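Read the figures in this text as sums done on the coordinates, not as results from a lab. If you're wondering where the values come from, they're calculated on a predicted model, not measured in any experiment. Note: ideal-geometry Cβ built from the backbone for every residue, glycine included; neighbour counts use all protein chains shown.
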Amino acid sequence: MQISGNTIFLPGATSGIGEALAVALHDAGNTVVIAGRRQERLDDIAARHPGIETARLDVADPASIDAVATDVLARFPALNVLITMAGVAGSEDLTSADFVDTAERIITTNVLGTIRLVGAFTEHLATVPDATVVTVSSGLAFTPMPVTPTYSATKSFVHAFTDSLRIQLRDSGVRVRELVPPAVQTDIFDGQADAEWAMPLADFVTEVMDLLAGDDDEIVVRNARALRNSEVDGTRGELMEQLAHLIG
């Protein structure tokens, strides 16, 4: 993937790794369109980084996805990269039925949101040169965190869906890649932004930019490799026990 000269749509870029990656891609010489639910965050990012374009999007709402896809493609017909960054997380206590509402919210965004975004853009991407879809899973797709069972499972879905998408699109000219992040110092969970066990955000972005310039379909960030390979290495159970105590 060329690291500059693209037109990139990046939903889920109003905070955390999405925002940081959007800024880095913009600074590298790409046209970047970010999207998210919070208009005030979109306006703030655009003000701090002139040239970044915005669109208000609720990934949990199929009508919003359709409307934003129509708008973005009308404004940026050269769009050739989709990065499905949008996602939500949450801890769950499976011993109580109360977890179901949290699980449904996570599935709606992480699973259906990814499916609907891909569905909204793949036909267009097949008509432009150097087209790429980048999905975003997690190291937890391969070694789940016991206190975030649905979040981990949705990331397993993203991995499996991406593998099938890659094969189905291989004759269309659309490249399909999967970004596999580790825990990064963001506010996705309480306390993670300052946690020593999480990767510093600046280090994460630097490594991802280098990896995007490479040729791997599965872009595994260094700190996620142990989780990615745990089943083969025989360390999955041990790592799951360690993960069980990271967040409340």
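Calculated mean residue ellipticity at 222 nm for the chain: -13000 deg cm²/dmol, from DSSP H runs with n ≥ 4 weighted as -39500 (n - 2.57), summed, divided by the residue count and rounded to 500.
Legend: ranking of residues Phe189, Phe204 from fewest to most surrounding C-beta atoms inside 10 Å; resulting order Phe189, Phe204. Taken about its Cα centre, the chain carries a charge dipole of roughly 540 debye when the Cβ of each Lys and Arg holds +1 and the Cβ of each Asp and Glu holds -1. Each label was represented as a point 7 Å from its Cα along the Cα-to-Cβ direction; for Ser15 and Ala226 these points are 2.8 nm apart.
Of Leu125, Leu211, Leu73, the residue with the greatest mean-square motion in the GNM of the chain, using alpha carbon springs below 10 Å, is Leu73. Based on the Cβ-Cβ distance of Asp61 and Asp187, what FRET efficiency does E = 1/(1 + (r/R0)^6) give at R0 = 22 Å, to the nearest 0.05? After rounding to 0.05, the efficiency reads 0.40.
Measuring how big the stretch 1-101 is from its alpha-carbon positions, Rg and Dmax come out at 15.3, 50 Å.
Phi angles across the stretch 230-241 convert, under the Karplus curve 6.51 cos²θ - 1.76 cosθ + 1.60 with θ = phi - 60°, into 3J(HN,Hα) values of 5, 5, 5, 6, x, 10, 4, x, 5, 5, 5, 5 Hz, Gly and Pro given as x. Separation of the stretch 155-211 and the stretch 1-39, taken as the distance between their Cα centroids, equals 14 angstrom. Rounded to 0.05, the FRET efficiency of the Thr235 and Val128 pair, given R0 = 35 Å and the Cβ-Cβ distance, is 0.25. For Glu104, Glu196, Glu207, the sequence from fewest to most other C-beta atoms within 10 Å is Glu196, Glu104, Glu207.
Of all the options Thr108, Thr186, Thr206, the one that moves most in a Gaussian network model of the chain with Cα springs shorter than 10 angstrom is Thr206. Helix 201-212 axis versus longest C-alpha principal axis of the chain: approximately 60°, rounded to the nearest ten. Here the Gaussian network model covers the chain, with springs between Cα atoms less than 10 Å apart; of Thr235, Thr148, Thr54, Thr235 fluctuates the most. In order along the stretch 105-115, the Karplus-derived 3J(HN,Hα) couplings, from 6.51 cos²θ - 1.76 cosθ + 1.60 at θ = phi - 60°, round to 5, 5, 5, 4, 7, 6, 8, 5, x, 4, 4 Hz, and Gly and Pro are given as x.
Across the options Asn80, Thr235, Val33, the greatest Cα extent toward the positive end of the charge dipole of the chain (unit charges at beta carbon of Lys, Arg, Asp, Glu) belongs to Asn80. Each Cα pair under 8 Å and six or more residues apart adds its sequence gap; the mean of these over the residue count of the chain is a relative contact order of 18 percent.
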